[in-house]
Every structure is written in structure tokens, then in C-alpha cells.
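The values are calculated or read from the model by the stated rules, or taken from the named source; none is laboratory data. Please read these numbers as outputs of a predicted model, since none were measured by experiment. Heads up, the Cβs are rebuilt from the backbone with ideal geometry, glycines too, and the neighbour counts pull from every protein chain shown. We work out accessible area using only protein heavy atoms, side chains counted, and drop any ligands, DNA or RNA first. Shrake-Rupley method; radii C 1.70, N 1.55, O 1.52, S 1.80 Å.
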Amino acid sequence: MDVKRVKDYISWLYYQYLLVTCSYVLEPWEQSMFHTITVTVVAMVVYTAYVFVPIHVRLALEFFSQMFGAQPDSTV
């Protein structure tokens with residue numbers, strides 16, 4: 001791909017982000033605070049999903065396997 005096209009596409013995505021969040025009307029220091037908080041919250045959500053979703057999926061699979069008649073490993 002052309003580097004200019006990639007740069008234009010990323011700038012277009014950033015512009016869309018500014019429009020959707022309405023942060024284009026903020027002052028520069030307010031924008032930096034808003035972006036910092038947004039990135040922090042997104043990072044915490046991704047980390048929490050990475051840590052806790054597999055545990056809950058495993059527990060749900062165990063629950064539904066017991067519900068549909070599979071015997072637990074300890075009694076086999």
C-alpha cells in the first residue's frame with residue numbers, strides 16, 4: 001500500500017473519532033485529558049476482558065456440560 005494512503009486513512013479515522021466523541025470542540029488541554037481518560041478506560045476494559053473472560057467461559061462450559069448430563073471428571 002501507498003504510505004500516503006495509509007496516512008490519509010488514519011487521519012480520516014482520527015477525524016471520525018473526533019466527530020463521534022464531539023471532542024473537536026474542546027480546548028487542546030481538555031482534548032488531551034479526554035484522550036488520556038478514554039485510552040485508560042479502554043485499556044482497563046481490554047485487560048479485564050483478557051483476564052476474566054476465559055475464566056467465565058470455562059465455568060459456563062462446565063456448568064452447561066453438567067446440566068446436559070456429562071459426569072464430572074472426579075466421579076469418572
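Considering helices alone, the calculated mean residue ellipticity of the chain at 222 nm is -28000 deg cm²/dmol, with DSSP H runs of length four and up weighted by -39500 (n - 2.57) and normalised per residue.
The distance between label points at residue 44 and residue 24 comes to 2.9 nm (points 7 Å beyond Cα on the Cα→Cβ vector).
Largest GNM mean-square fluctuation among 63, 34, 52, using the chain with Cα springs under 10 Å: 63. Solvent-accessible area assigned to carbon and sulfur over the chain amounts to 72 percent, based on a 1.4 Å probe. Kindly express, to the nearest 10 degrees and within the range 0 to 90, the angle between helix 3-21's C-alpha long axis and the longest C-alpha principal axis of the chain. With rounding to tens, the tilt is 80 degrees. Once divided by 2.2 N^0.38 Å, the Cα radius of gyration of region 3-67 becomes 1.78. For region 3-67, the per residue solvent-accessible surface stands at 88 Å², with DNA, RNA and ligands left out and a 1.4 Å probe.
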